[in-house]
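Asks: Before I ask anything, let me first share the structure, which is written out below as structure tokens.
The values are calculated or read from the model by the stated rules, or taken from the named source; none is laboratory data. Predicted model, so just to flag it, every value in this text is computed and none were measured. Note that each Cβ is placed from the backbone with ideal geometry, even for glycine, and that neighbours are counted across all protein chains shown.
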Amino acid sequence: MKILFTGASSFTGFHFVNALIVAGHEVICPLRRPVEGYEGLRRERVEILERRVAVSSACGKLPTASFGSDDFLKIIQEFGPFDLLCHHAADVTNYKSPDFDAVRALENNTANLGNLLETFKSCGGKAVLLTGTVFEMDEGKGDGPLHAFSPYGLSKGLTWEIFCHFCRSARLPLGKFVIPNPFGPWEEPRFTAYLMNTWRKGETAKVQTPDYVRDNIHADLLSGAYAVFATRVAAHKGEPIKLNPSGYVETQGAFAERVAREVRARTPWKCGLDLLVQTEFPEPRIRTNIESARELVPHWNESAAWDAFVGFYTAAAA
């Protein structure tokens with residue numbers, strides 16, 4: 001397939017594009033800014049993608065265009081027709097903050113959407129795949145009612161509703177890929193990155209919220225499921241469809257112990273853990289996805305995925 005993909009500079013976007021290329025698809029990845037405008041891990045991911053896309057895409061580069069802009073429409077017109085528009089990009093600025101601007105994020109996530117989809121279809125575009133999160137309203141399973149975790153989750157849920165409306169108007173098939181808690185090489189400094197960086201220094205990691213039940217998943221497995229679902233969406237007809245791929249469903253304390261076991265088996269690190277007593281629960285105790293990702297990707301190599309995860313951090317420590 002020929003795929004137009006937004007959000008390739010993100011941690012999950014980086015892995016999704018790689019999985020799509022490995023599956024044999026041509027992927028064109030517009031970025032919001034030139035490669036040299038990125039920093040840190042994101043810059044490294046973009047530079048890797050630039051090399052891979054250069055040999056797998058007729059575009060031969062990572063073009064610069066914000067979603068919904070005139071330049072984005074020109075990419076559709078110049079390089080289409082596309083089998084699939086994968087809209088993975090989202091406004092995530094200060095996404096953990098209670099002051100996150102959900103209205104602004106919604107505007108950015110859906111900029112010029114009606115015109116964009118009409119242009120996409122008129123140029124031979126066939127289907128749309130939107131990325132969602134288990135932390136938005138009415139996704140996954142867990143403590144009910146399934147409210148949005150935060151203003152960020154609210155913005156993602158509303159983005160889905162707007163895409164449903166405009167894709168129906170344009171008569172374009174639509175799919176939604178719902179992400180739980182991904183981890184893996186090239187990740188942002190979140191939970192597993194904290195564990196690895198703490199253990200690398202020979203220190204004991206403190207788990208502040210060991211009683212939350214969450215759904216952590218290797219980015220390698222998640223991206224494999226994404227590639228499978230992308231093919232399904234491109235061939236789909238009718239009402240919108242969703243996929244909620246699931247990985248390790250367990251408490252955050254149990255997951256931390258799982259990571260420690262895997263890392264100890266591959267390094268000399270002690271991987272000490274201090275599971276603190278959790279007394280506050282500002283978030284739902286349980287929120288997970290609902291469909292086994294392993295069943296979607298039956299040949300996934302779990303051991304190799306852990307090797308790559310640990311290898312990323314041991315290489316950084318060298």
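Asks: Would you confirm, using the coordinates I've provided, whether K242 is at pLDDT 95 or above, over 19 Å from I286 (Cβ atoms), touching a Phe, Trp or Tyr at 6+ places or on another chain (Cβ under 7 Å) and among the basic types (K, R)? Break it down stepwise before answering.
Replies: Numbers: at pLDDT 95 or above: yes; over 19 Å from I286 (Cβ atoms): yes; touching a Phe, Trp or Tyr at 6+ places or on another chain (Cβ under 7 Å): no; among the basic types (K, R): yes.
So K242 fails the test.
Asks: Based on this model, can you work out whether D274 counts as loosely packed, with under 15 Cβ neighbours inside 10 Å and assigned to a strand (DSSP E or B)? Outline the logic, then answer.
Replies: Numbers: loosely packed, with under 15 Cβ neighbours inside 10 Å: yes; assigned to a strand (DSSP E or B): yes.
Answer is yes for this residue.
Asks: Just to be sure, is L62 over 27 Å from S150 (Cα atoms), in the same structural domain as V178 (by TED's automatic domain parsing) and part of a loop (DSSP other than H, G, I, E, B)? Reasoning before the result, please.
Replies: Values: over 27 Å from S150 (Cα atoms): yes; in the same structural domain as V178 (by TED's automatic domain parsing): yes; part of a loop (DSSP other than H, G, I, E, B): yes.
For L62, the condition - over 27 Å from S150 (Cα atoms), in the same structural domain as V178 (by TED's automatic domain parsing) and part of a loop (DSSP other than H, G, I, E, B) - is met.
Asks: When you scan region 45-53, do you find a residue that is closer than 28 Å to P245 by Cα and free of Cβ contacts under 8 Å to residues at least 12 places away in the same chain, even just one?
Replies: No - not one qualifying residue is present in region 45-53.
Yes/no per residue for (1) under 17 Å from the mean Cα position of the chain (by Cα); (2) among the polar types (S, T, N, Q):
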| site | (1), (2) |
| --- | --- |
| G124 | no, no |
| A127 | no, no |
| E139 | yes, no |
| G144 | no, no |
| S150 | no, yes |
| G153 | yes, no |
| K156 | yes, no |
| F163 | no, no |
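Asks: For I48, state whether it is at pLDDT 90 or above, in contact with a helix residue (DSSP H, G or I) (Cβ under 9 Å, 6 or more places away or on another chain), over 26 Å from K176 (Cβ atoms) and in the same structural domain as L174 (by TED's automatic domain parsing).
Replies: On the way: at pLDDT 90 or above: yes; in contact with a helix residue (DSSP H, G or I) (Cβ under 9 Å, 6 or more places away or on another chain): yes; over 26 Å from K176 (Cβ atoms): yes; in the same structural domain as L174 (by TED's automatic domain parsing): yes.
Here the answer is yes, as I48 does meet what is asked.
Asks: Which one of T204, T131, T198 is out of contact with any helix residue (DSSP H, G or I) (no Cβ under 6 Å at 6 or more places or on another chain), surrounded by fewer than 18 Cβ atoms within 10 Å (Cβ to Cβ) and within 26 Å of E39 (Cα to Cα)? Step through it out loud before you land on a result.
Replies: Values: T204 fails: within 26 Å of E39 (Cα to Cα); T131 fails: surrounded by fewer than 18 Cβ atoms within 10 Å (Cβ to Cβ).
The unique qualifying residue is T198.
Asks: For the structure I just gave you, tell me whether A260 is in a helix (DSSP H, G or I) and either within 30 Å of E39 (Cβ to Cβ) or within 14 Å of the chain's Cα centre (by Cα) (or both).
Replies: Numbers: in a helix (DSSP H, G or I): yes; either within 30 Å of E39 (Cβ to Cβ) or within 14 Å of the chain's Cα centre (by Cα) (or both): no.
For A260, the condition - in a helix (DSSP H, G or I) and either within 30 Å of E39 (Cβ to Cβ) or within 14 Å of the chain's Cα centre (by Cα) (or both) - is not met.
Asks: Still on this structure, please answer the following. Within region 12-44, count every residue that is part of a strand (DSSP E or B) and in contact (Cβ under 8 Å) with a residue 40 or more places away in the chain. Reasoning before the result, please.
Replies: First, the residues of region 12-44 that are part of a strand (DSSP E or B): 26-28, 31.
After this cut, where a residue has to be in contact (Cβ under 8 Å) with a residue 40 or more places away in the chain as well, the list is 28.
Looking only at that region, the number is 1.
Asks: Then there's this: Testing Y152 on (1) crowded, with 21+ Cβ neighbours inside 10 Å; (2) under 22 Å from E283 (Cα atoms); (3) assigned by TED's automatic domain parsing to the domain that holds W306, one condition comes back false. Which one is that?
Replies: So Y152 meets the others, but not (3).
Asks: Run S9 past the list (1) assigned to a helix (DSSP H, G or I); (2) in contact with a helix residue (DSSP H, G or I) (Cβ under 8 Å, 6 or more places away or on another chain); (3) modelled with pLDDT of 90 or more and report the number of the one that doesn't hold.
Replies: (1)
Asks: Going by what's in this entry, would F312 be described as surrounded by fewer than 18 Cβ atoms within 10 Å (Cβ to Cβ), in the same structural domain as R258 (by TED's automatic domain parsing) and over 23 Å from T133 (Cβ atoms)?
Replies: Working: surrounded by fewer than 18 Cβ atoms within 10 Å (Cβ to Cβ): yes; in the same structural domain as R258 (by TED's automatic domain parsing): yes; over 23 Å from T133 (Cβ atoms): yes.
Yes: the conditions hold for F312.
Asks: Sticking with this one: Filter region 236-282 down to the residues that are free of Cβ contacts under 8 Å to residues at least 12 places away in the same chain and within 30 Å of G175 (Cβ to Cβ) and list them by number.
Replies: Scanning region 236-282 gives a single hit, E239.
Asks: While we're here: Looking at T267, T251 in this structure, which one is polar (S, T, N, Q) and under 29 Å from P145 (Cβ atoms)? Talk me through it step by step, then tell me what you get.
Replies: Numbers: T267 fails: under 29 Å from P145 (Cβ atoms).
One residue alone meets the criteria, T251.
Asks: Looking only at region 86-93, decide whether some residue is over 23 Å from A230 (Cβ atoms), within 20 Å of the chain's Cα centre (by Cα), part of a loop (DSSP other than H, G, I, E, B) and β-branched (V, I, T).
Replies: Of all residues in region 86-93, those over 23 Å from A230 (Cβ atoms) come to 93.
Remaining after also requiring within 20 Å of the chain's Cα centre (by Cα): 93.
After this cut, where a residue has to be part of a loop (DSSP other than H, G, I, E, B) as well, the list is 93.
If we keep only those that are β-branched (V, I, T) too, we end up with 93.
There is at least one residue in region 86-93 that is over 23 Å from A230 (Cβ atoms), within 20 Å of the chain's Cα centre (by Cα), part of a loop (DSSP other than H, G, I, E, B) and β-branched (V, I, T).
Asks: Does E262 count as out of contact with any Asp or Glu (no Cβ under 8 Å at 6 or more places or on another chain), at pLDDT 95 or above, under 18 Å from A227 (Cα atoms) and not basic (K, R)? Lay out the reasoning, then the answer.
Replies: Values: out of contact with any Asp or Glu (no Cβ under 8 Å at 6 or more places or on another chain): yes; at pLDDT 95 or above: yes; under 18 Å from A227 (Cα atoms): no; not basic (K, R): yes.
Answer is no for this residue.
Asks: May I pose another question? Does L243 count as assigned by TED's automatic domain parsing to the domain that holds A127 and under 23 Å from T159 (Cα atoms)? Please lay out each step first, then the result.
Replies: Details: assigned by TED's automatic domain parsing to the domain that holds A127: yes; under 23 Å from T159 (Cα atoms): yes.
Judged against the criteria, L243 is a match.
Asks: While we're on this one: Return the residues of region 285-299 that are within 21 Å of the chain's Cα centre (by Cα) and either under 22 Å from E257 (Cα atoms) or of a type in the set (S, T, Y) (or both); say none if nothing qualifies.
Replies: I286, R287, T288, N289, S292, A293, R294
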